[in-house]
Amino acid sequence: MTKYNFNPGPAILPHSVFEEASRAVLELGKSGLSVLEISHRSKEFEEIIAEAKSLVKELYSLPDEYEVLFLQGGASSQFFMTAMNLLRPGSTAGYIDTGSWSEKAIKEAKLMGDIKVLASSKDKGYRCIPKDVTIDDGLTYVHITSNNTISGTQYHTFPDTPVKLVADMSSDVLSKPLPIEKFGLIYAGAQKNLGPAGVTLVIVNKNFVTETREDLPTMLKYSTHLAKNSMFNTPPVFAIYVSLLTLRWLKKEGGLAAIDKRNTKKAQLIYDAIDGSRLFDGTAQKEDRSKMNITFLLREESLTAKFLNVCNDAQIVGVKGHRSVGGFRASVYNAMSPEGAAVLGQVIKDFDRRNA
Ligand code: PMP
């Protein structure tokens with residue numbers, strides 16, 4: 001496997017994780033069983049989920065009131081589950097609209113309760129993050145999308161708010177340390193920085209998710225999953241196991257401060273190549289550029305296919321932009337090596353030299 005995988009998700013994971021996961025498909029440790037056939041009630045799985053939870057707690061330095069859940073249904077189910085569990089008649093949540101995933105979160109939350117869109121960068125083509133948003137302390141929470149996978153913007157500082165943030169961190173979870181006390185709830189589909197598709201990481205402040213509505217289906221209540229340690233029903237055993245391997249890798253790499261430093265350098269290699277070129281333009285406003293999803297365009301659109309061919313020849317995959325915005329997008333998640341980022345940077349530079 002020599003390809004440089006810049007896919008937006010499902011996405012690159014550390015090669016060592018693939019190796020260990022493939023060994024566990026044949027036999028998990030010395031259990032005599034494949035990880036695919038162990039019971040979720042087994043001692044083996046109990047150890048897996050306990051270690052995965054404790055690594056998330058350790059990596060984020062979570063205070064005691066925070067709990068870690070591994071759920072199903074993707075981030076898309078959290079769009080409604082958050083509002084469904086947190087809103088009551090008469091209460092309102094604020095939403096900041098920073099891209100198509102925020103729009104989807106807003107649409108689903110509106111089905112569940114009263115939502116106020118506090119700010120939006122839609123009229124700016126989602127090229128930036130709205131700043132200085134006024135947040136009323138009467139709101140139940142404020143929802144943000146911390147990293148906008150499609151438009152390539154990211155919160156580098158989080159809003160000062162009198163109420164807790166609820167954040168969709170699908171595309172930058174575990175990529176940097178967080179001011180965790182600002183967040184009442186964080187959710188993320190695993191399939192970018194954490195593991196394979198099929199599991200959703202949810203971090204909840206238990207003091208924030210307190211009152212439980214009794215009129216909700218059991219599976220859709222956070223209280224159910226908190227009480228049952230994410231094992232009310234059969235959890236996605238394999239996806240959680242692979243997530244554990246990635247968490248162990250992340251710890252070995254030095255944790256979140258170290259990975260953030262590396263992510264910053266990797267993104268810089270690519271942004272520098274774009275900014276130093278005559279042919280390419282970055283699409284996001286500089287101060288809000290994402291370190292995870294780098295979006296860029298060719299000024300001469302007719303060169304698009306040629307650039308993608310050059311990438312292909314250089315073993316670079318996944319840089320075609322999202323269908324809704326076009327251009328290019330390089331997703332540079334935790335597991336992308338600095339070498340991979342440097343290769344893409346060089347390909348951009350060479351292409352510019354030859355074609356400008
Ligand atoms: N939010 C963001 C920011 C995303 O990037 C994605 C998926 N790309 C989603 C939500 C949807 O996630 P899922 O497919 O896990 O429902």
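The values are calculated or read from the model by the stated rules, or taken from the named source; none is laboratory data. Please read these numbers as outputs of a predicted model, since none were measured by experiment. Note: ideal-geometry Cβ built from the backbone for every residue, glycine included; neighbour counts use all protein chains shown. Surface areas here come from the heavy atoms of the whole protein model, side chains and all, with no ligands, DNA or RNA. Shrake-Rupley method; radii C 1.70, N 1.55, O 1.52, S 1.80 Å.
In the stretch 99-201, the DSSP beta bridges split such that about 35 percent are antiparallel, to the nearest 5.
When the Cα positions of LEU59, LEU165, LEU256 are compared along the charge dipole of the chain, LEU256 comes out farthest toward the positive end, with charges on each C-beta of Lys, Arg, Asp and Glu. Ordered by solvent-accessible area of protein heavy atoms (1.4 Å probe), largest first, the residues ARG127, ARG289 come out as ARG127, ARG289. Relative to one another, the C-alpha centroids of the stretch 49-99 and the stretch 321-356 are positioned 32 Å apart. In terms of accessible area, using a 1.4 Å probe and ignoring ligands and nucleic acids, PHE280, PHE80 rank largest first as PHE80, PHE280. Computed from label points 7 Å out along Cα-Cβ, the spacing between THR210 and PHE232 is 2.1 nm. Between the alpha-carbon centres of the stretch 12-35 and the stretch 221-251 there is a gap of 17 Å. All Cα-Cα distances of the stretch 110-174, cut into 5 Å bins from zero to the largest, leave 3, 16, 25, 26, 20, 9, 0 percent in each bin in turn. Listed by chain and number, the aspartates and glutamates whose C-alpha is less than 17 Å from the C-alpha of LYS286, apart from same-chain residues fewer than 8 away, are ASP272, ASP275. Each Cα pair under 8 Å and six or more residues apart adds its sequence gap; the mean of these over the residue count of the chain is a relative contact order of 23 percent. Working ranking of peptides 319-330, 204-215, 163-174, 250-261 by packing, defined as the average number of other Cβ atoms within 10 Å per residue, highest first, is 163-174, 319-330, 250-261, 204-215. The residues neighbouring ALA188, those whose beta-carbon lies less than 12 Å from its own, together hold a net charge of -1 under the Lys/Arg +1, Asp/Glu -1 convention. Output the pairs from LYS53/LYS107; LYS57/LYS261; LYS116/LYS192; LYS116/LYS265; LYS53/LYS164; LYS182/LYS291 with a Cα-Cα distance over 27 Å in this structure; if there are none, say none. Checking Cα-Cα distances, LYS53/LYS107; LYS116/LYS192; LYS116/LYS265 exceed 27 Å. Pairwise alpha-carbon distances in the chain exceed 26 Å for 51% of all pairs.
Dividing the summed helix terms, -39500 (n - 2.57) for each DSSP H run of n ≥ 4, by the number of residues in the chain produces a 222 nm estimate of -11000 deg cm²/dmol to the nearest 500.
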